[in-house]
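The values are calculated or read from the model by the stated rules, or taken from the named source; none is laboratory data. Just so it is clear, the structure is predicted and the values come from calculations on it, not from any experiment. Using ideal geometry, Cβ is built from the backbone for each residue, glycine included, and neighbour counts are taken over all protein chains shown. In case anyone asks, the SASA skips ligands and DNA or RNA and just uses the protein heavy atoms, side chains included. Shrake-Rupley method; radii C 1.70, N 1.55, O 1.52, S 1.80 Å.
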Amino acid sequence: MTPRRRPEGRLVRSYVVTDGRAHPTRNTLDLVTLLIAATDLPLTGLNPEKRRVMELCRPGALSLAEVAGHLQLPVSVTKVLVADLMDSGHIVTRAPIPAARPSDARILQEVLDGLRARL
Amino acid sequence: MGSAPASDDVYLRPTVKTAVKLLVVGHFAVGKTTFVGTLSEIRPLRTEEVMTQAGAVVDDLAGTRDKTTTTVAMDFGRLTLNDSLVLYLFGAPGQQRFTKLWQDMTRGALGALVLADTRRLSHSFDVMGVLEELDLPYAVAVNDFDGAPVHGLDEVREALDLLPETPLVRCDARDPESSTRALISLVEYLLSRESESELEHA
Ligand SMILES: Nc1nc2c(ncn2[C@@H]2O[C@H](COP(=O)(O)OP(=O)(O)OP(=O)(O)O)[C@@H](O)[C@H]2O)c(=O)[nH]1
Ligand SMILES: [Mg+2]
């Protein structure tokens, strides 16, 4: 057994913070969807976990996966929270490239150039 | 816990518009976490979920965590490639293929780098099979582990039964240049496939 890094009860709490829902209100959220927090909306009325998402995202953009990682929340829970925050206008997203055409040659060339520039 | 990270470079440049992902996969202890950590510009992150064997996320309200559940984990890191483009690397073992997290990881991914260890090449078949089922193109990088027998790449190619066009390179996952070169081989391959299919459809 590896030592538990997380406090006991994390999973129970995760479930409760989504009001018991297992599914987000939208299914377009990807691990690399970029999240941008609105800076002009008050956080009043948000539950503590949504507040944490907002506080994390306010200084700058992050992907959904990074938000889950920083807040140590499962991706599934993070999606529910983010979808709600999108519904209330607290978060806007920059979609990842459409999954239907991720192998766009132009993007691949840009990735290649970016990697080569690191050598 | 729970406070926002302190460092400025945690956040993406405001000009970033596009995010793409590549997978780093392979069997147990093959170097996935090391590879992602070597290349990431941020402290690598990790997410975990507890799943039932049927693949549902466990809510655990009744404390039902038992041997029918498994913990699914994934490490990931980030490389900003230019002002508008960011690359995310997701590292995970392949035997999680039926989980939601694995589906999330593979959906929209450009391709995968399979890490392999010459001491147990046959352990790589499973994950290669998963990628083939998903029609996700991949390249293979053989990590030279200390004390491992050194095989010629031709021998490795034959042992892994790779297609002639599948790139096969050596890599030290602890070394940034070597790891970057492995990713470059993968992306060159993805680009060549793309140009070919464009020609076919022309
Ligand atoms: N010599 C050598 N050692 C490596 C290389 N890559 C990883 N290692 C070592 O191998 C061990 C396992 O590496 P990890 O990165 O934890 O492997 P992993 O695939 O993430 O392992 P799991 O997540 O447990 O499946 C570590 O001690 C690394 O330092 C490599 O390219 N060469
Ligand atoms: Mg690992």
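Odds and ends about this structure:
- Taken as a whole, the condition of being of a type in the set (A, V, I, L, M, F, W, C) and in a loop (DSSP other than H, G, I, E, B) applies to B:Leu136.
- Single condition B:Asp104 does not satisfy, out of (1) touching a residue at least 12 places away in the same chain (Cβ under 8 Å); (2) open to solvent by less than 30 Å² (accessible area, probe 1.4 Å): (1)
- Some residue of segment B:86-98 being assigned to a loop (DSSP other than H, G, I, E, B), within 16 Å of ligand 2 (Cβ to nearest atom) and surrounded by 18 or more Cβ atoms within 10 Å (Cβ to Cβ): yes
- Single match in B:Leu186, B:Leu136 (criterion: over 12 Å from B:Leu115 (Cβ atoms), under 15 Å from the mean Cα position of the chain (by Cα) and touching a residue at least 24 places away in the same chain (Cβ under 8 Å)): B:Leu136
- Candidate set from segment B:17-41 (those that are open to solvent by less than 40 Å² (accessible area, probe 1.4 Å) and assigned to a loop (DSSP other than H, G, I, E, B)); member that is farthest from ligand 2 (Cβ to nearest atom): B:Ser40
- Selected residue (criterion: farthest from B:Met128 (Cα to Cα)) from residues of segment B:73-98 that are modelled with pLDDT under 80 and of a type outside the set (Gly, Ala, Ser): B:Phe98
- Any hit, segment B:140-159, residues being part of a loop (DSSP other than H, G, I, E, B), open to solvent by 10 Å² or more (accessible area, probe 1.4 Å) and at pLDDT 95 or above: no
- Restricting segment B:172-202 to residues that are away from ligand 2 (no atom under 16 Å from the Cβ) and outside any helix (DSSP H, G or I) leaves a set whose member that is surrounded by the most Cβ atoms within 10 Å (Cβ to Cβ) is B:Asp172.
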